[in-house]
Amino acid sequence: MELLFGEMEELAGQRNAIDSRLVEIAAEIEGDRIWGATGVRSVPALVAWKLGISPHTAETMVTVARRLEEFPRCAAMMRDGQLSLDQIGVIAEPERSFRRTVGERSTTYRITLPKVEAAKFEAGLASHRDALIAQW
């Protein structure tokens, strides 16, 4: 069993390194805008077609490719085989947004956070609210 587990780990590391290179290629194809000449409608469609992978996996790959420069350590760990495309995809997929609307009498803030970050934000907000109540 140990031999099989060892082989699985080695193959997974090689797969992660290969996926890393595929992500880099997808980033280059999108960055150079050379995909339009193929007749496909999007880079994820091109990636799914050329690699024979599911549209969801292709979308994850291109999402990671688009944000690769934002996660240099994750990218390096994927190249080294330590992180998988799915692991980085979870990080790269949630979009954050912040919007402020200033009115005559008030200002409204609207934020969108991934679930884990939202939970941290809510915990901090609750702690601050409790401190204000205790102080009052």
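Could you tell me the calculated FRET efficiency between residue 70 and residue 4, based on Cβ-Cβ distance and R0 = 35 angstrom, to the nearest 0.05?
Calculated value: 0.45.
Probe radius 1.4 Å, ligands and nucleic acids ignored: give me the carbon and sulfur share of the accessible area of the range 1-123 as a rounded percent.
Summing carbon and sulfur atoms, their accessible area is 55 percent of the total for the range 1-123.
Which one, 51, 23, 114, is farthest towards the positive end of the dipole of the chain when Lys and Arg carry +1 and Asp and Glu -1 on their Cβ?
Farthest towards the positive end: 114.
Before I look further, what does the range 1-132 give for accessible area per residue, probe 1.4 Å, in whole square angstrom?
I get 75 Å² per residue for the range 1-132.
Apply the Karplus parameterisation 6.51 cos²θ - 1.76 cosθ + 1.60, with θ equal to phi minus 60°, to every residue of the range 102-113 and state each ³J(HN,Hα) to the nearest whole Hz, in sequence, with x for glycine and proline.
Values per residue, Gly and Pro as x: 9, x, 5, 10, 7, 10, 10, 10, 10, 10, 10, 10 Hz.
Given the DSSP H assignment, sum -39500 (n - 2.57) over each helix run of at least 4 residues in the chain and divide by its residue total; what's the result at 222 nm in deg cm²/dmol, nearest 500?
-21000 deg cm²/dmol
The values are calculated or read from the model by the stated rules, or taken from the named source; none is laboratory data. Everything numeric in this text was worked out from a predicted model, so none of it was measured. As a convention, Cβ positions derive from the backbone with ideal geometry for all residues, glycine included, and neighbour counts pool all protein chains shown. To get the accessible areas, we keep the full protein, side chains included, count just its heavy atoms, and leave off ligands, DNA and RNA. Shrake-Rupley method; radii C 1.70, N 1.55, O 1.52, S 1.80 Å.
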